[in-house]
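In what follows, a single structure is set out as structure tokens and then discussed.
The values are calculated or read from the model by the stated rules, or taken from the named source; none is laboratory data. A quick note: this is a predicted structure, and the numbers were derived from the prediction, not measured. Here the Cβ positions follow ideal geometry from the backbone for every residue, glycine too, while neighbour counts run over all protein chains shown.
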Amino acid sequence: METLDEGIRPIPKNKEAEQVILGAAMLEPEEAVPRVVTRLHPDHFYFKAHREIYRAIVELFNHGQLPDAVTVANYLEERGKLDAVGGRTYLHELLTRVTTLAALDHYIEIVETKALRRWLIQAGGQVAELGYREDLDVEEALDRAGELIFEIAQRESHPDYHLLSEFLYEHLDFLEALHKDPERRPPGVVFSGFDQFDDLTSGFHPADLVVIAGRPGTGKTSLVLSIARDAAIRQKKSVGIFSLE
């Protein structure tokens, strides 16, 4: 981020790569934004203006709007941030940085790598500070240092956004296959005894936590007892019931 001190050596960053990503997201939002949001969050961008623009793109995208340059400009203007990011002129300049989306993943990787290096630099400074803390036990200082590095690894391996399509179509294919061939159902599955419901859900799988919620008197207990009865009698499963009321 821009708060890092450049000092003798320049802070890792790539302005051109950030510009291409933002330009692509506004120029071809339907194709580019889903590819970007699953890998980058605002802190990946070094320049403050780029972080603000990216936040606007993500916010619009999350609300089902296509974040083209005009929509992003209006969004930022309504929040008094448009001038701070360079105005409409700069947003349209970002569009000119894009020649093709073919290299978009390459630019995303550049921005990811630069951000990771900045986070390592920041963590290094924090680790050095821990070394000077005489009030800390050495083991505690080592634990905190390890946590700092682990947090960086977690930020890289667990993106903030996942597209529903990544999981939905795969799960629908799985359900369709189970419907056509019940023998493919994995062992340990418990069915509700309601055929239409089981066709939609493929039953209750091992390690599932299933919550049946509803207002008082709507039949939750009766439903649970019916499922338990079917599992015990027809499916020959072991069933335990605990009432905490």
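The rows are residues; the columns are (1) surrounded by 15 or more Cβ atoms within 10 Å (Cβ to Cβ); (2) assigned by TED's automatic domain parsing to the domain that holds residue 116; (3) not acidic (Asp, Glu).
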{"site": "25", "(1), (2), (3)": "yes, yes, yes"}
{"site": "33", "(1), (2), (3)": "yes, yes, yes"}
{"site": "46", "(1), (2), (3)": "yes, yes, yes"}
{"site": "52", "(1), (2), (3)": "yes, yes, no"}
{"site": "59", "(1), (2), (3)": "no, yes, no"}
{"site": "70", "(1), (2), (3)": "no, yes, yes"}
{"site": "89", "(1), (2), (3)": "no, yes, yes"}
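Against the condition part of a helix (DSSP H, G or I), within 16 Å of residue 45 (Cα to Cα), at pLDDT below 95 and in contact with a Pro (Cβ under 8 Å, 6 or more places away or on another chain), how does residue 152 come out, does it pass? Answer is no for this residue. For residues in the range 113-136 being touching a helix residue (DSSP H, G or I) at 6+ places or on another chain (Cβ under 6 Å) and under 24 Å from residue 59 (Cβ atoms), which is surrounded by the fewest Cβ atoms within 10 Å (Cβ to Cβ)? If we take residues in the range 113-136 being touching a helix residue (DSSP H, G or I) at 6+ places or on another chain (Cβ under 6 Å) and under 24 Å from residue 59 (Cβ atoms), then 119 is surrounded by the fewest Cβ atoms within 10 Å (Cβ to Cβ). Restricting the first member to the range 43-54 and to residues that are assigned to a loop (DSSP other than H, G, I, E, B), and the second to residues that are modelled with pLDDT of 95 or more and of a type in the set (S, T, N, Q), no beta-carbon pair is closer than 7 Å while six or more apart or on different chains.
Could you grab me the full set of residues in the range 93-111 that are in a helix (DSSP H, G or I) and surrounded by 15 or more Cβ atoms within 10 Å (Cβ to Cβ)?
Residues of the range 93-111 that are in a helix (DSSP H, G or I), as a first pass: 93-96, 104-111.
Those that are in a helix (DSSP H, G or I) and surrounded by 15 or more Cβ atoms within 10 Å (Cβ to Cβ): 94, 95, 104, 107, 108, 110, 111.
Yes or no, residue by residue, for (1) surrounded by 10 or more Cβ atoms within 10 Å (Cβ to Cβ); (2) in a loop (DSSP other than H, G, I, E, B); (3) at pLDDT below 80:
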position	(1), (2), (3)
160	yes, yes, yes
171	yes, no, yes
176	yes, no, yes
179	yes, no, yes
183	no, no, yes
213	no, yes, no
225	yes, no, no
228	yes, no, no
241	no, yes, no
